1. Can Asp195 be described as acidic (Asp, Glu) and within 16 Å of ligand 2 (Cβ to nearest atom)?
2. Which is over 21 Å from the mean Cα position of the chain (by Cα) and more than 16 Å from ligand 1 (Cβ to nearest atom), of Ala157, Ala87?
3. So, restricting to strands (runs of 3 or more DSSP E) that lie completely within the range 400-476, which ones have at least 3 residues that are touching a residue at least 12 places away in the same chain (Cβ under 8 Å), closer than 24 Å to Leu365 by Cα and of a type outside the set (Gly, Ala, Ser)?
4. Within the range 1-41, can you find the residues that are free of Cβ contacts under 8 Å to residues at least 60 places away in the same chain and more than 14 Å from ligand 2 (Cβ to nearest atom)?
5. With respect to Leu12, is the statement that it is within 16 Å of ligand 1 (Cβ to nearest atom) and outside any helix (DSSP H, G or I) true?
6. Kindly provide the set of residues from the range 157-183 that are of a type in the set (Gly, Ala, Ser) and within 17 Å of Asp14 (Cα to Cα), ordered by number.
7. Can we say Leu233 is under 30 Å from Ala291 (Cβ atoms), of a type outside the set (Gly, Ala, Ser) and more than 16 Å from ligand 2 (Cβ to nearest atom)?
8. How many of the residues in the range 51-65 are at pLDDT 95 or above, among the polar types (S, T, N, Q) and assigned to a loop (DSSP other than H, G, I, E, B)?
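The values are calculated or read from the model by the stated rules, or taken from the named source; none is laboratory data. Remember, predicted model here, so these are calculated numbers, not experimental data. Cβ sites come from the backbone with ideal geometry, for glycine too, and all protein chains shown count toward neighbours.
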Amino acid sequence: MADQLIIFDTTLRDGEQSPGASMTRDEKLRIARLLERLRVDVIEAGFAASSNGDFECVQAIAGIVKDSTVCSLARANDRDISRAAEALKGAARSRIHTFIATSPLHMEKKLRMSPDEVFEQARLAVRFARNLTDDVEFSAEDGSRSELDFLARVCEAAIKEGATTVNIPDTVGYAIPELYGLFLKTLREKVPNSDKAIWSVHCHNDLGMAVANSLAGAKIGGARQIECTINGLGERAGNCSLEEVVMAVKTRRDYFGFDVGIDASHIVPASRMVSQVTGFVVQPNKAVVGANAFAHASGIHQDGVLKARDTYEIMRAEDVGWPTNKIVLGKLSGRNAFKQRLQELGVMLESESEVMAAFARFKDLADRKSEIFDEDILALVGDESVTAEKEQYGFVSLAQHSETGERPQAEVVFTINGKEFKGQAEGNGPVDASLKAIEAHVNSGAELLLYSVNAITSGSTESQGEVTVRLQSAGRVVNGVGADPDIVVASAKAYLSALNKLHNKAERVAAQG
Ligand code: KIV
Ligand code: ZN
């Protein structure tokens with residue numbers, strides 16, 4: 001019988017730690033729903049003790065997710081663990097995930113604690129968490145660079161105190177697949193009660209080996225839980241990518257011999273949604289979810305695929321959720337067809353008023369663009385004017401003038417807390433003028449770190465432009481995303497969206513005291 005592999009998704013926690021990837025409550029709820037449809041076993045919804053905003057997000061996700069276990073991260077102390085337990089109260093199934101660093105470097109330089117103190121804190125934290133819930137995960141941060149005998153002692157104690165999962169992260173992405181697999185295997189052999197817990201891997205991608213390390217951790221090391229994120233989102237170079245690790249296990253079941261419960265047909269919509277929400281564009285040649293992942297350009301390959309698909313394809317595009325018939329709706333489509341397509345894409349809007357707002361935006365878009373693709377619909381439901389969330393800044397309209405040899409001018413009408421303002425400015429180009437027109441009123445002083453434009457659908461100049469704007473202010477980095485067939489309008493929307501995120505982050509920090 002094949003072994004079951006648990007898929008633990010941490011897009012909403014470790015993924016969100018990626019600079020600029022912060023998500024609003026509504027965005028997190030939308031992603032959590034899609035993760036549940038994907039049949040992820042565990043959703044790490046956040047780090048409840050880190051801020052009131054995070055607490056509320058974990059609580060809200062715990063309230064809506066029924067089929068996956070909802071988990072909150074907590075440092076190894078009573079306050080963090082109590083906050084996690086409180087946030088998870090409403091969950092059908094919940095897990096507390098507590099961690100402390102165990103490598104000599106982290107213990108000495110970061111924690112300034114002796115190994116004995118770390119050992120004791122880990123033990124007491126697991127004991128405390130286990131009194132609050134039956135499902136406790138213990139992580140030895142920087143586990144892959146920890147001293148084997150000490151790590152074995154900590155893991156044994158954690159299991160004795162009731163940890164049901166023990167996770168050995170490669171926190172800094174330093175591991176090599178074979179060595180990491182053997183490290184885990186030896187560690188498990190050294191822990192006398194190792195069979196009383198599920199072993200887990202959590203790999204970062206600094207050397208591009210997060211997926212390979214995770215697979216080696218499972219195949220060689222005996223781990224039966226893999227922690228990962230959609231699109232590999234995460235700190236620095238990111239985490240192990242869910243879509244890659246899941247499709248590796250499914251496609252090469254002959255070698256791995258694992259079963260996973262994931263419904264792969266939601267992989268591409270999930271990838272698209274996370275990209276759209278965070279503004280982190282998926283590279284075209286990214287495995288499984290990149291735009292070129294199933295595109296064959298060379299004549300020999302095309303000929304081969306036409307004759308027998310498996311000559312050059314090891315997976316079927318439709319199995320991972322690539323739409324077969326990409327044109328989905330048009331100007332004459334009604335509300336029910338629109339609603340059904342939303343459902344098929346895994347998007348559940350919370351209220352009828354959100355559906356109405358999204359449908360109005362869809363009609364508006366269909367007037368300007370004859371073919372509406374799935375990607376257009378996903379961009380449209382990500383639009384802040386559709387979601388129920390109350391935002392500080394809202395886009396109303398834009399007019400701009402540019403002519404060869406003249407300095408472009410723009411006039412942007414936008415709302416601040418519902419009140420309309422009009423900003424005017426000149427700039428080097430129409431985008432520059434539009435953003436300056438907004439700044440003229442808002443005076444955020446934020447530094448623009450990144451500006452990028454992507455066509456939402458390929459192959460036509462009719463496509464919507466999706467703009468990502470990354471801003472930095474007071475040490476906070478956020479990404480704003482805006483979509484529109486007019487890229488100047490998309491830019492203004494993205495800028496306002498980034499300002500909203502800066503504002504929400506500032507509020508969260510203020511709420512923390
Ligand atoms: O990378 C890491 O070590 C982590 C732990 C908190 C699990 O994210
Ligand atoms: Zn991590």
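1. Taking the combined requirement at face value, the residue does not satisfy it.
2. Of the residues listed, the single one that is over 21 Å from the mean Cα position of the chain (by Cα) and more than 16 Å from ligand 1 (Cβ to nearest atom) is Ala157.
3. 409-416, 447-455, 465-473
4. Met1, Lys28, Ala32, Glu36
5. yes
6. Gly173
7. Taking the combined requirement at face value, the residue does not satisfy it.
8. Looking only at that region, the number is 0.
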